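Chemist: One structure is given below, represented as structure tokens, and several questions about it will come after.
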Amino acid sequence: MYDIKDNLIGKKIEVINSNNKDLIGIKGIVLDERRDTIKIEEKMVLKKQVVLLIDNTIVNGCRLVGRPEERIKW
């Protein structure tokens, strides 16, 4: 089970829904995470546009917006 306080870097994730239909189905390992974006393999994805599958847990990307170190405080 994924906790939103966890760091995403190194996690296997998949985009299961998005406002941008070209992003649906993208999956791989997160290489970098910024305030508003995550880098999955070679693709930059806006967090607020996607719904992700992380560790068999569905997570709305809007809940991940913010720096990883700030999410720990939530």
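The values are calculated or read from the model by the stated rules, or taken from the named source; none is laboratory data. What you see is a predicted model; the values in this text were computed from it and never measured. Note: ideal-geometry Cβ built from the backbone for every residue, glycine included; neighbour counts use all protein chains shown.
Chemist: Between a residue in the stretch 1-25 that is more than 12 Å from Ile38 (Cβ to Cβ) and any residue that is among the aromatic types (Phe, Trp, Tyr), which pairs come within a Cβ distance under 9 Å, given they are 6 or more apart or on different chains?
Modeler: Ile4/Trp74; Lys5/Trp74
Chemist: Same structure again: How many residues does the stretch 7-21 contain that are farther than 16 Å from Cys62 by Cβ, of a type outside the set (A, V, I, L, M, F, W, C) and loosely packed, with under 14 Cβ neighbours inside 10 Å?
Modeler: Looking only at that region, the number is 4.
Chemist: For the stretch 1-31, how many residues meet the condition of being within 20 Å of Glu69 (Cβ to Cβ) and either assigned to a loop (DSSP other than H, G, I, E, B) or modelled with pLDDT under 95 (or both)? Even if it seems obvious, please write down each step before you answer.
Modeler: Just the residues of the stretch 1-31 that are within 20 Å of Glu69 (Cβ to Cβ), to begin with: 2-11, 13, 30-31.
Adding the requirement that they be either assigned to a loop (DSSP other than H, G, I, E, B) or modelled with pLDDT under 95 (or both) leaves 2-11.
Looking only at that region, the number is 10.
Chemist: While we're looking at this one, here's another question. Condition check: out of contact with any Ser or Thr (no Cβ under 6 Å at 6 or more places or on another chain) and surrounded by 13 or more Cβ atoms within 10 Å (Cβ to Cβ). Does Ile24 satisfy that?
Modeler: Judged against the criteria, Ile24 is not a match.
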